[in-house]
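Asker: Here it is, the structure, as structure tokens.
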Amino acid sequence: MQNIRKALPQDLPYLYTIALKTAFAGLDGTEYYHDPYCVGHYYAAPYLFFNPELCFIALDENNTPSGYIVGTSDTRSFNTWMHATWLPVLHQQYKQVSYFSSEAEQKMIRTLLKGPGEGIWQNMGFPAHLHIDILPHLQGKGLGKSLMETFCSAVKETGAQGIHLGVDGRNTRAYGFYERMGFSILEEQSWGAIFGKTL
């Protein structure tokens, strides 16, 4: 797994870029976002500050970060930290925003302003959760599997007994990927499904 390493502070700009370029159900979301950072503010960057030991980077042939997996072993603690530490300054930044390039951006900023809810799966044996995104030129090369195996191994070492994650229903390729990685559907949602895996 020479193409995978732990994420570093220097990787932060790449996390934002990858988050944006995979924001549209795994496809490039650049044209849908006037603000190129709002996706990464929620789904990528905070994990590097809260659980850096559970954040990993996939490198391409030029040693450029081109994919990541980020997450936490304790969703409840992460959500508390998000509300208390990470989101307040973003609330000040985004609460006055009135222009959106798309419905997707409007929903993203609403999510930033609302923050994570309590959820249920972290209380039912799946306390960890993750986000994984890989740019197209690295897809289909086994790096997604390697990232998942690396993350699951690191999470298991923390003592967490299970992982959950949400998958956009439009991203049908992702459904098959997670099933191959040993995940199964815990709950169907209008927007997709929540998958879970016991470690």
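Asker: For region 133-153, state whether one or more residues are at positive phi and at pLDDT 95 or above.
Answerer: Narrowing region 133-153 to residues at positive phi: 140, 142.
Filter once more, so that each one left must be at pLDDT 95 or above: none.
No, every residue in region 133-153 fails to be at positive phi and at pLDDT 95 or above.
Asker: Looking only at region 65-98, filter to residues that are open to solvent by 20 Å² or more (accessible area, probe 1.4 Å) and among the aliphatic types (A, V, I, L, M); which one of those is farthest from residue 165 (Cα to Cα)?
Answerer: Among those that are open to solvent by 20 Å² or more (accessible area, probe 1.4 Å) and among the aliphatic types (A, V, I, L, M), it is 97.
Asker: How many of the residues in region 29-45 are over 17 Å from residue 82 (Cβ atoms) and either of a type in the set (Phe, Trp, Tyr) or free of Cβ contacts under 8 Å to residues at least 60 places away in the same chain (or both)?
Answerer: The qualifying residues number 4.
Asker: Tell me, which helices (runs of 4 or more DSSP H) lie completely within region 37-112 with 1 or more residues that are out of contact with any Cys (no Cβ under 9 Å at 6 or more places or on another chain) and among the small types (Gly, Ala, Ser)? Even if it seems obvious, please write down each step before you answer.
Answerer: Values: elements: 38-43, 45-50, 75-81, 87-94.
In region 37-112, the matching helices (runs of 4 or more DSSP H) lie at 38-43, 45-50, 75-81.
Asker: Which residues, taken from region 1-21, are part of a loop (DSSP other than H, G, I, E, B), over 14 Å from the mean Cα position of the chain (by Cα) and not polar (S, T, N, Q)?
Answerer: Going residue by residue through region 1-21, those that are part of a loop (DSSP other than H, G, I, E, B) are 1-3, 7-8.
Going one step further and asking which of them are over 14 Å from the mean Cα position of the chain (by Cα), we end up with 1-3, 8.
Hits for region 1-21 are 1, 8.
Asker: Identify the residue in region 24-34 that is open to solvent by 30 Å² or more (accessible area, probe 1.4 Å) and assigned to a loop (DSSP other than H, G, I, E, B) and, among all such residues, is nearest to residue 149 (Cα to Cα).
Answerer: Filtering region 24-34 for residues that are open to solvent by 30 Å² or more (accessible area, probe 1.4 Å) and assigned to a loop (DSSP other than H, G, I, E, B), the one nearest to residue 149 (Cα to Cα) comes out as 28.
The values are calculated or read from the model by the stated rules, or taken from the named source; none is laboratory data. Remember, predicted model here, so these are calculated numbers, not experimental data. Don't worry about glycine lacking a Cβ; one is built from the backbone with ideal geometry, like all the others, and counts go over all protein chains shown. In case anyone asks, the SASA skips ligands and DNA or RNA and just uses the protein heavy atoms, side chains included. Shrake-Rupley method; radii C 1.70, N 1.55, O 1.52, S 1.80 Å.
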